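The values are calculated or read from the model by the stated rules, or taken from the named source; none is laboratory data. Everything numeric in this text was worked out from a predicted model, so none of it was measured. Note that each Cβ is placed from the backbone with ideal geometry, even for glycine, and that neighbours are counted across all protein chains shown. Heavy atoms of the whole protein, side chains included, go into the accessibility calculation; ligands, DNA and RNA do not. Shrake-Rupley method; radii C 1.70, N 1.55, O 1.52, S 1.80 Å.
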Amino acid sequence: MGITVQTRNDGAQLKRRRALVAGSVGNFIEWYEFGVYGFFATIIASNFFSADGSGDLESLIKTYASFALAFFFRPVGAALFGRLGDRIGRRPTLVIVLLLMSGATTLIGVLPTYESVGILAPLLLTVLRILQGLSAGGEFGGAVSVMTEFAPPGRRGLYGSWQSFTVALGLLAGAGIAALLATVLDSGQLGDWGWRIPFLLALPMGLVALWLRLRLEETPSFERARSVQSEPTADAAAPVVQPTVGETAKAILLGIGRLMGWSAAGYTFLVVMPTYLQSSLNATFHQALVASVLANAGFAVTIPIVRLFVPVFSDFLTVNAWRRENAGAGSSQCS
């Protein structure tokens with residue numbers, strides 16, 4: 001009996017580790033790709049949004065407009081792939097999202113420039129940015145669901161916090177690769193073909209992530225929900241309390257308000273800063289990227305420290321709220 005329990009526990013722990021790795025690696029790639037686009041904004045501006053390849057202010061604004069457009073499609077992706085994940089499962093949905101984001105990023109690396117195909121170049125880039133935005137929306141929520149649904153009781157906040165850590169690592173990796181290329185290549189090589197390398201690296205990264213996600217099992221929560229639907233019991237027939245439209249809207253707006261300031265400040269400081277240093281402070285491309293590497297490294301280092309305390313505190317509050325709710329329900333039934 002003891003050996004059986006130990007084997008079962010070891011198997012559950014292995015599934016949790018696989019969920020953390022498979023969820024984290026996709027999120028890492030997603031924000032690596034978002035970061036790379038921002039870090040190479042000045043080069044992308046001259047190659048895709050300028051007829052003469054000058055990279056002036058107007059073309060730079062268009063480049064960041066394309067960058068921002070992906071953010072508007074992230075809520076659409078979250079709704080689309082979130083619904084799909086509830087219907088067909090977390091695992092297949094995350095595989096679809098991974099293929100979409102890796103494919104779109106790899107295609108950016110082989111796009112013809114404005115000099116080659118004219119106005120078609122920025123149009124194709126914008127379409128691929130939209131696909132990246134859709135995939136980013138599906139990736140974050142789907143991966144968090146996998147991590148938290150595999151988490152043991154009282155550890156959901158800790159498991160879910162891996163997402164923020166992999167955001168920092170993805171941005172740091174993008175900045176590091178960009179800085180490395182700026183070191184080993186001259187400005188002409190970087191502008192002609194060197195900028196394509198970080199985008200093309202999404203293909204081998206995506207293949208590794210795909211292998212990990214194909215080995216991932218479906219989450220226990222989804223399996224339970226599916227079994228209840230296929231074999232309803234008396235308990236399953238009990239009415240489920242659904243939130244009202246007003247309560248749902250309030251929760252969504254509250255979440256947007258909490259994240260809006262952090263996201264705007266974070267992307268401005270960690271992604272847009274290299275362009276500002278070049279255009280306003282006359283820093284070289286290499287200097288701007290080294291500064292970005294240091295900033296993202298500081299961001300990444302602080303997250304594990306905070307991760308030790310905040311998720312544990314969050315899980316403590318959640319467990320205690322659940323206990324109070326069940327205690328209140330028990331008292332009302334006894335009376």
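For this structure, a couple of remarks:
- Pairwise label distance in nanometres, Arg155 with Val245, each label 7 Å out on the Cα-Cβ vector: 4.2 nm
- Per residue, in Å², the accessible surface of the stretch 160-230 once ligands and nucleic acids are set aside, probe 1.4 Å: 48 Å²
- Only protein heavy atoms count here; on that basis, with a 1.4 Å probe, Leu120 has an accessible area of about 80 Å².
- Where labels lie 7 Å past Cα in the beta-carbon direction, separation of Val184 and Thr284 in nm: 1.8 nm
- Peptide ranges 25-31, 100-106, 260-266 listed from the most packed, as the mean C-beta count within 10 angstrom indicates: 25-31, 100-106, 260-266
- Apportionment of accessible area to carbon and sulfur, the stretch 16-109, percent (1.4 Å): 67 percent
- Taking Lys and Arg as +1 and Asp and Glu as -1, the other residues whose beta-carbon sits under 12 Å from that of Asp192 total -1.
- Accessible area per residue was computed with a 1.4 Å probe on protein heavy atoms; Lys250 scores about 150 Å².
- Length released on extending from Arg17 to Asp192, taking residue separation times 0.36 nm less the Cα-Cα span: 58.8 nm
- Volume of the convex hull of the stretch 135-218 (Cα atoms only), normalised per residue: 106 Å³.
- Alpha-carbon centroids, the stretch 140-170 and the stretch 184-210: separation in whole Å: 28 Å
- Averaging 1/r over every pair of different alpha carbons in the stretch 79-213 and inverting the result gives a Kirkwood radius of 16.7 Å.
- To the nearest 10, the accessible area of Ile177 is 40 Å² with a 1.4 Å probe.
- Sequence of Arg18, Arg213 when ordered by accessible area, the most exposed leading, probe 1.4 angstrom: Arg18, Arg213
- For the stretch 93-234: relative contact order, % (alpha-carbon pairs under 8 angstrom, 6 or more apart): 37 percent
- Label point distance in nm, Ile252-Arg226, each placed 7 Å from Cα along Cα→Cβ: 2.8 nm
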